[in-house]
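The values are calculated or read from the model by the stated rules, or taken from the named source; none is laboratory data. Note that the coordinates shown come from a computational prediction; the quantities given were computed from them, not determined experimentally. Every residue, glycine among them, receives a Cβ derived from its backbone with ideal geometry; neighbour counts consider all protein chains shown. Heads up: the accessible areas ignore ligands, DNA and RNA and are worked out on the full protein's heavy atoms, side chains in. Shrake-Rupley method; radii C 1.70, N 1.55, O 1.52, S 1.80 Å.
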Amino acid sequence: MRTPPALTGFADEFATHRGHLLGVAYRLTGTRADAEDAVQESWLRLAGLDDAGRAAIRDLRGWLTTVVGRICLDRLRSAAVQRERYVGQWLPEPIVTPFGMPVSEDPLDAAVRDDGIRMAAMVVLDKLTPEQRVAFVLHDAFSVPFGEIGGILGCSADAARQHGSRARRALADADPPQRVELAAQQQLLEKFVAALLAGDIRAMTELLHPDVVLVGDSNGKGRTTRQIIVGPDKLARFLLGLMKKYEPGLLGRGAPVLVNGDLGLWLPPLPGRDGFLGVDEHVQAMSVRDGRIIAVYDIVNPDKLTRITRPELP
């Protein structure tokens, strides 16, 4: 369908804001599908205005950001109800790109290079209420005034400011680790995989932070831990126990990938044979603090892996 002539200029300008809007929507919802849907809906709302309505827009980027925020708030409130029936832990839908490949032109792939969209930060955002998340993300990350945020939330500017303040305190208390250089991540991951393959539990625990956690997400549709595993010794023994259940050479069949801009691992699905368990498709991300792994996020729910970019294996 061709864009009406009266909308052509808006369509061209909208395209320049698309990457920004996807970053806003993904940070608000934690899912690629919801982010893309929210951005598309914002275009439909713009296109639905009459000439006078479009002429009244002085700052299109700001107007679209506010519209996307309102759409995402509705989706967050709906998701909060859905997660009550979710099996096990819930993690954000990962944005996966092959490691070592040229930079993608996909707007969302570009957006994940923002430090605020790393997996550790997204996990903390998921602990906020929908109102807190919208207030914090729109104000602190995208400089939307609290007066406009109050309009989105249906409250006063002061109440919106309080939502943002509570979110800020929650993030400060959670203290998600900052992103470290990819070269340091790669060196750490290679050492850890080597220790795991060697069955060296001491070497493994030395590479794990004292507060390390393993969080699995499957919604009952794949094999991973349903409970959060805490501590270096428990995590190392858990992983070593898993290695005995799967065919030797499993890790060698995977490939390094970038997960929300940080180094991770992609494992392809493999059938079980010779008494070994079959393998579900996995996307695993990690966070690093003080030179050691402090979090491993294992995403197995196939519903969250439908839109990832998979590496090409030999």
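If R0 is taken as 25 Å, the Cβ-Cβ distance between ALA174 and ARG310 corresponds to a FRET efficiency of 0.20. Descending by average beta-carbon neighbour count within 10 Å, the peptides 261-267, 306-312 line up as 261-267, 306-312, the highest first.
Dividing the helix sum by the residues of the chain, where each DSSP H run of 4 or more adds -39500 (n - 2.57), gives a mean residue ellipticity at 222 nm of -14500 deg cm²/dmol. For GLU281, the solvent-accessible surface with a 1.4 Å probe is about 30 Å², rounded to the nearest 10. For the chain, the longest principal axis of the C-alpha atoms and the axis of helix 232-243 are separated by about 70°. Considering only ALA120, ALA25, ALA183, the mean-square fluctuation computed in a Gaussian network model of the chain, springs between alpha carbons under 10 angstrom, is largest for ALA183.
Take every Cα pair under 8 Å in the chain that's 6+ residues apart, average their separations, divide by the length, and report that relative contact order as a whole percent. Provide the component values of the computation, followed by the final result.
Values: 492 pairs, mean separation 59.9, N = 314.
Reported as a whole number, the value is 19 percent.
What's the angle, to the nearest 10 degrees (0 to 90), between helix 157-174's Cα axis and the longest principal axis of the chain? With rounding to tens, the tilt is 10 degrees.
Counting only protein chains, not ligands or nucleic acids, how are ARG168, ARG289 ordered by accessible area (probe 1.4 Å), most first? Could you put the intermediate results ahead of the total?
Values: ARG168 95, ARG289 55 Å².
Greatest to least solvent exposure: ARG168, ARG289.
Just want to confirm a number: the relative contact order over region 188-283, from Cα pairs under 8 angstrom separated by 6+ residues, in percent.
Working: 119 pairs, mean separation 17.5, N = 96.
Contact order relative to length: 18 percent.
Taking Cα centroids, how far is region 26-105 from region 174-250 in Å? The distance from the Cα centre of region 26-105 to that of region 174-250 comes to 32 Å.
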